[in-house]
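The values are calculated or read from the model by the stated rules, or taken from the named source; none is laboratory data. Every value quoted in this text rests on a predicted model; they were computed, and no experiment measured them. Positions of Cβ are generated from backbone atoms using ideal geometry, with glycine treated the same way; all protein chains shown enter the neighbour counts. To get the accessible areas, we keep the full protein, side chains included, count just its heavy atoms, and leave off ligands, DNA and RNA. Shrake-Rupley method; radii C 1.70, N 1.55, O 1.52, S 1.80 Å.
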Amino acid sequence: MAKRVVVTGIGAVTPVGNDASALWNALVSGVNGIDKITRFDTENFKCVLAAEVKGFDPLAHFEKMFAAKTDLYTLYAMCAADEAVKDSGIEGKIDPDELSVYLGSGVGGVNTLCEEHAKCENQGPRRVSPQFVPKMIINIAAGQIAIKYKAHGNAMCISTACATGTSVLGEAYRAIKDGYTTAAICGGSEAAVNPLCIAGFQNLQALSQSDDKDAASLPFDARRGGFVLGEGAGVLVLEEYEHAVARGAHIYCEMTGYGATCDAHHITAPDTEATYTAKAIKDALKFTEYSADKLYINAHGTGTHYNDLAETAAFKKAFGDDAYKLTISSTKSMTGHMLGAAGAVEAIACVKALETGIIPPTINLTEKDPECDLDYTPVMAVKKDIDTAISTSLGFGGHNACVAFKKI
């Protein structure tokens, strides 16, 4: 018999706030987390903006030695996990064999990779740190979190590029629903604001080249010209419903579905026919009762030309004429594109929208693209009576993922 899955904890480190409460307050207030890059000199770069995490001091959370041998993406993940676990109150109230970790990333310890490669090239192989591999590998955040909380269930790293955070939640949901684990600490983390990654995305012509932070990340706007790279982490605690009730946990909402497909079309471009993005959405809602006028969608909404067209087409294919009753927004207009962390942070936005009845806006959406003609909640947050929320994510390689949540 399928088990019910609920959200009992949330945690975040983001460009607009370094905990879940600060994140949510910023999103509903329309705070823009994008600004000039401070991590390196951008003189020779066409792209000069990013959504950096601000005011994050690793030594406020970790011992100096641990911080030194741990990549920033893992530190972000562990901080978000710590908040989510404390919020859930699950530590010490679950059999460690029944606690799992599902933590993904798009590029993992890429800062470490760049630093150690430079050492090898400039100073010779003996200067490469013996910590290089365990610091850099993409699964290490999941491993570190499992070690900290003695989680002896599955400790899984999933990477589906920009769909990672959503894929991770979905796979954890299925594991709990099918009885393979009782609870999971799950989400995504990314720390890729460095010269190599900016140059790579820039030369791929994926990034906005605007130098105006309020005219850079423009999902569904006619002026859009690419995404803005963000960073940070989002983590949720998913738990089997009866277990959560028995221990008196605060339940935010129920997770009711997950859909995952592949366009099998192109390594970077979405299929503008959007057939399989629409299928992922429909699969996520297969077992969820909803009405379109009470459904909120946190869109992938990157602000790249073809992504926004494809996603709009997907909503129309999935919902038909009811697409015009939907309330949709892209919080990437504020956080930038957090790559592997995006889906998890956007799932938190869905959870909080259900809890508060507030729809976060797509800021700076002032010149609507006539081909993106749905309700994308321009500029300002709105109050709305919703009872269902979904988050959509699309990734390089054609990955599509969608998760669904319901008031309980």
Between residues in segment 224-243 that are modelled with pLDDT of 95 or more and residues that are open to solvent by 10 Å² or more (accessible area, probe 1.4 Å) and of a type in the set (Lys, Arg), which pairs lie under 8 Å by C-beta distance while being six or more apart or on different chains?
-> Glu240/Lys3; Glu240/Arg4; Tyr241/Lys3; Tyr241/Arg4; Glu242/Lys3; Glu242/Arg4
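Within the group Leu285, Leu309, which residue is within 30 Å of Ser208 (Cβ to Cβ) and crowded, with 17+ Cβ neighbours inside 10 Å?
Only one candidate passes the filter, namely Leu309.
If the requirement is being surrounded by fewer than 22 Cβ atoms within 10 Å (Cβ to Cβ) and assigned to a helix (DSSP H, G or I), which of these qualifies: Lys86, Lys93, Lys46?
From the options Lys86, Lys93, Lys46, the qualifying one is Lys86.
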Can you name every residue in segment 113-138 that is open to solvent by 50 Å² or more (accessible area, probe 1.4 Å), part of a loop (DSSP other than H, G, I, E, B) and free of Cβ contacts under 8 Å to residues at least 24 places away in the same chain?
-> Pro130
Checked pairs for segment 283-297, first in a loop (DSSP other than H, G, I, E, B), second surrounded by fewer than 16 Cβ atoms within 10 Å (Cβ to Cβ), C-beta under 9 Å and 6 or more apart or across chains, list as Phe287/Ala2; Ser291/Asp322; Ser291/Lys325
Residue check for Thr164: free of Cβ contacts under 8 Å to residues at least 60 places away in the same chain, hydroxyl-bearing (Ser, Thr, Tyr), within 25 Å of Pro58 (Cβ to Cβ) and open to solvent by less than 40 Å² (accessible area, probe 1.4 Å) | no
Do you know which of the residues in segment 145-161 that are in a helix (DSSP H, G or I) and buried (at least 21 other Cβ atoms within 10 Å of the Cβ) is farthest from the chain's Cα centre (by Cα)?
-> Ala146
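When you look at Thr392, is it open to solvent by less than 10 Å² (accessible area, probe 1.4 Å), in contact (Cβ under 8 Å) with a residue 12 or more places away in the chain, in contact with a strand residue (DSSP E or B) (Cβ under 8 Å, 6 or more places away or on another chain) and of a type in the set (Val, Ile, Thr), yes or no?
yes
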Filter pass, Phe405 being modelled with pLDDT of 95 or more, assigned to a strand (DSSP E or B) and open to solvent by less than 10 Å² (accessible area, probe 1.4 Å) | yes
Could you please find all residues in segment 360-387 being outside any loop (DSSP other than H, G, I, E, B) and buried (at least 24 other Cβ atoms within 10 Å of the Cβ)?
-> Thr362
Is there a residue being assigned to a loop (DSSP other than H, G, I, E, B), open to solvent by less than 50 Å² (accessible area, probe 1.4 Å) and among the charged types (D, E, K, R) anywhere in segment 262-272?
-> yes
What number goes with the only condition from (1) closer than 23 Å to Pro270 by Cα; (2) in a loop (DSSP other than H, G, I, E, B); (3) open to solvent by 20 Å² or more (accessible area, probe 1.4 Å); (4) not charged (D, E, K, R) that Pro219 does not pass?
-> (3)
For residues that are part of a loop (DSSP other than H, G, I, E, B) and touching a helix residue (DSSP H, G or I) at 6+ places or on another chain (Cβ under 7 Å), scanning just segment 186-216, find the one that is farthest from His117 (Cα to Cα).
-> Ala191
Asn32 versus (1) under 24 Å from Ser159 (Cα atoms); (2) polar (S, T, N, Q); (3) open to solvent by less than 50 Å² (accessible area, probe 1.4 Å): which is the lone unmet condition?
-> (1)
Could you list, in sequence order, the residues of segment 240-251 that are part of a loop (DSSP other than H, G, I, E, B) and open to solvent by 40 Å² or more (accessible area, probe 1.4 Å)?
-> Arg247, Gly248, His250
Look at Ala342 and say whether it is part of a helix (DSSP H, G or I), open to solvent by less than 10 Å² (accessible area, probe 1.4 Å) and under 15 Å from Pro219 (Cβ atoms).
-> yes
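Each row is one residue, and each column tells you yes or no for (1) within 21 Å of Thr331 (Cα to Cα); (2) touching a helix residue (DSSP H, G or I) at 6+ places or on another chain (Cβ under 9 Å); (3) in a helix (DSSP H, G or I); (4) open to solvent by 80 Å² or more (accessible area, probe 1.4 Å).
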site	(1), (2), (3), (4)
Gly9	yes, yes, no, no
Asn25	yes, no, yes, yes
Asp41	no, yes, no, yes
Ala50	yes, yes, no, no
Val53	yes, yes, no, no
Met65	no, no, yes, yes
